[in-house]
Amino acid sequence: MLHKTNYILAIESSCDDTAAAVLHDRKVLSNCIANQDLIHKAYGGIVPELASRAHQSKIIPVVEQALAEANIDKKELTAIAYTQGPGLLGSLLVGSAFAKSLALSLALPLIPIHHMQGHLLAHFIEDENQNTPLFPFLGVTLSGGHTQLLLVKDYFDMEPLGTTLDDAIGEAFDKCGKRMGLGYPAGPQIDQLAQKGNPHRFDFPIPKLKGYDVSYSGVKTAFTNFIHKKEQKDPNFVRMHRNDLCASLQYTLIQIILHKIEKAANEKHLNQIVIGGGVAANSEIRKQLDIKALARGWEVFYPPLAYTTDNAAMIGIAAYYKLQQNHSGSLSDSAQARLKM
Ligand code: KG4
Ligand code: ZN
C-alpha cells in the first residue's frame, strides 16, 4: 500500500467550491478551484441544491484542469483522496461518488479526509517560505461552518477544547454583512471596508462563556437590532457608517475568539498557534494575533492564502499523512454531513 513516492489526486466539494489538486508527496503540483460565488450571490447565502448541481457540472473539468496543470496522466496517480465531511451532504456526495468511481476504475487506494483536519494540515504542505508547526500545538479553525479550538497532538490526534455554541465566526461575518447589504460571502468585503473605519465607533457585546466555547449569535442579534433601531431614525444610517460598522463588528468578532485563544494557550501551555479556515484570511485577525504573539512569545502559523479558504491541496496533504500511516478507506465509507474530529 505504501508507495515510495505518491501522486495524490484530491477532491474537495464540501460546500460551494469544486476543487481538485494533485500532490507529489507534500508538494502541490496543481490546486484548482471552480468558485460558485456568482451562483449563490443572488440569494445572499449558499443554496444547497444549487451547490450540488454546480459540483456535478464542474467536477470533471476541474479534475481535468488539475491533472493538466500538474502535467501528469491519471494512470500515474497512486491514490485518490476526497472530503468525507463535514459539509453539505449533497455537495459531499458529488465529490465522494466521483472519487470512488475513479479509484475503482484505476484500482487505486481511496482516502476519505475530514475537512477541518485538512484546514489545519494545510500547514504541512511543502513550502520553502513557511516553517511547519511542531506537535503539540493549539489548532484554531475559523470558517463559515466551524469555530474550533483544538489541542493537536499528532496529524490525526486532535482533541476538541471548545467550539461555537451557535453560529460560526464566518457565518457571523456573512450574516451581518448581508444585513448591511453586502454580497455573499461578506467576510472579505468587511475586511476591506473595516480598514477605513473606526473599530471603537460602536460597541457590541462580547459574551462571557466559561471554558473554551464561544458564541456568535448574540453579537449578530445585537448588531441587527442596533441597525434596525438606527434606521428607524435615519434610513441612510448603514450607507453613512458602513466602514465604522464593519470595523466595530470585525473588532468584536475577533475579540471573542482572541480571548479564548489566549486562555487555551496559557492553560494548556501551548506557544504555537496554528490557524486554519477561510476567516484566517482576515487581515485584522492576523494583526491582532501578531501583537499578542509578540507580547506572549507565541509563534503563530497562517497558511498561505491559496490554502486558507476551501481548497483541495489541504485534502491532498492530509491524504499524504494517511498514506504514511498506511490508512486508507473503502468504497463503503459514506459522506457525512456531521463528522467528529
Ligand atoms: O473555510 P472556508 O473557505 O469555507 C468553509 O469551510 O466554511 O470559509 C469561508 C468563510 C466565509 O464565511 C467567508 O466570509 C470567510 O470565510 N472569509 C473571511 C475572509 N475571507 C473569507 N472572513 C473575514 N475576512 C476575510 N478576509
Ligand atoms: Zn473550510
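Values quoted throughout were computed directly from the atomic coordinates according to the rules given, and no laboratory measurement underlies them. Since the structure is predicted, the reported quantities are computational estimates derived from the model, not experimental observations. Positions of Cβ are backbone-derived with ideal geometry, glycine not excepted, and every protein chain shown enters the neighbour counts.
Per-residue counts of other Cβ atoms within 10 Å, averaged by peptide: what ranking do you get for 249-258, 79-88, 118-127, highest first?
Details: 249-258: 22.4, 79-88: 25.9, 118-127: 24.0.
My ranking of the peptides, most packed first, is 79-88, 118-127, 249-258.
Please give the per residue volume of the convex hull enclosing the alpha carbon atoms of the chain, rounded to a whole number of Å³. Present the calculation step by step, with values, prior to reporting the outcome.
Details: hull volume 43.9 nm³, N = 341.
In the chain, the Cα convex hull volume per residue is 129 Å³.
Could you identify which residue out of Ala42, Ala306, Ala54 has the top mean-square fluctuation in a GNM of the chain using Cα springs shorter than 10 Å?
Comparing Ala42, Ala306, Ala54 in the GNM, the peak value goes to Ala42.
Considering only C-alpha atoms, what is the centroid distance from segment 285-341 to segment 178-221, in Å?
Centre-to-centre distance over Cα atoms comes out at 24 Å.
Can you tell me the 0 to 90 degree angle between the C-alpha axis of helix 89-106 and the longest principal axis of the chain, rounded to 10?
On a 0 to 90 degree scale, this one is about 20.
Only sites in a loop by DSSP and with at most 14 other Cβ atoms within 10 Å count here; which trypsin sites (Lys or Arg not before Pro) in segment 188-287 make the cut? Each step should come with its number before you reach the end.
Details: sites: Lys196, Arg201, Lys208, Lys210, Lys220, Lys229, Lys230, Lys233, Arg239, Arg242, Lys260, Lys263, Lys268, Arg286, Lys287; in loops: Lys196, Arg201, Lys208, Lys210, Lys268.
In loop regions of segment 188-287 (DSSP not H, G, I, E or B), the sparsely surrounded trypsin sites (Lys or Arg not before Pro) are Lys196, Arg201, Lys208, Lys210.
Quote the relative contact order of segment 137-303 in percent (integer), defining contacts as alpha-carbon pairs under 8 Å separated by 6+ residues.
Values: 291 pairs, mean separation 46.8, N = 167.
Dividing the mean separation by the residue count of segment 137-303 yields 28 percent.
With a/c under 1.5 counting as rounded, go ahead and sort segment 237-311 into rounded, prolate or oblate using the C-alpha gyration tensor (a ≥ b ≥ c being the square roots of the eigenvalues; past the cut-off, prolate if a/b is larger than b/c, else oblate).
Values: a/c = 2.57, a/b = 1.51, b/c = 1.70.
Here segment 237-311 falls in the oblate category.
Could you state the per residue volume, in Å³, of the convex hull enclosing the Cα atoms of segment 137-303? Display every interim value, and only then the final one.
Values: hull volume 17.4 nm³, N = 167.
Dividing the Cα hull volume of segment 137-303 by its residues yields 104 Å³.
Which Cα, out of Phe173, Ser13, Ser105, lies furthest along the positive dipole direction of the chain (beta carbon charges, K/R +1, D/E -1)?
Going by the Cα projections, it comes out as Phe173.
Pairs of Cα atoms under 8 Å, at least six residues apart: use those to get the relative contact order of the chain, whole percent.
On the way: 719 pairs, mean separation 85.2, N = 341.
That works out to 25 percent.
Quick one: 3J(HN,Hα) in Hz for segment 240-246, Karplus 6.51/-1.76/1.60 with θ = phi - 60°, rounded, Gly and Pro as x.
Whole-Hz 3J(HN,Hα) from phi for segment 240-246: 6, 10, 4, 5, 5, 4, 4.
Relative contact order for segment 272-341 using alpha-carbon pairs under 8 Å, separation at least 6, rounded to a whole percent? Each step should come with its number before you reach the end.
Values: 41 pairs, mean separation 22.7, N = 70.
Relative contact order comes out at 32 percent.
If amide H atoms are built 1.01 Å from N in the plane of the peptide, which residues on other chains or at least 5 residues away come under 5 Å of the amide H of Val300?
Ile273
Would you list, by chain and number, the lysines whose Cα falls below 26 Å from the Cα of Lys74, excluding same-chain residues fewer than 8 positions away?
Leaving aside lysines fewer than 8 places away in the same chain, those within reach of Lys74 are Lys4, Lys27, Lys58, Lys100, Lys322.
Could you tell me which of the pairs Lys196/Lys229; Lys153/Lys268; Lys210/Lys263 are separated by over 21 angstrom between their Cα atoms in the structure shown? Walk me through the numbers on the way to the answer.
Numbers: Lys196/Lys229 24 Å; Lys153/Lys268 12 Å; Lys210/Lys263 11 Å.
Pairs exceeding the cut-off: Lys196/Lys229.
Considering only DSSP states other than H, G, I, E and B, which trypsin sites (Lys or Arg not before Pro) in segment 155-186 qualify as loop sites with at most 15 other Cβ atoms within 10 Å?
Values: sites: Lys175, Lys178, Arg179; in loops: none.
Sparse-neighbourhood loop trypsin sites (Lys or Arg not before Pro): none present.
For Leu29, what residues show an amide H to amide H distance below 5 Å, using hydrogens built from the backbone and excluding near sequence neighbours?
Those qualifying (amide H under 5 Å, at least 5 residues apart or on another chain) are Val22, Leu23, His24.
Whole-Hz Karplus ³J(HN,Hα) for segment 206-222, in order, using 6.51 cos²θ - 1.76 cosθ + 1.60 and θ = phi - 60°, x for Gly and Pro?
9, x, 10, 9, 6, x, 10, 6, 10, 9, 10, 6, x, 5, 4, 5, 4
Which whole-Hz ³J(HN,Hα) couplings does segment 46-56 yield from phi under the Karplus relation 6.51 cos²θ - 1.76 cosθ + 1.60, θ = phi - 60°, glycine and proline marked x?
Along segment 46-56, the couplings run 7, 9, x, 5, 5, 4, 4, 5, 5, 4, 4 Hz.
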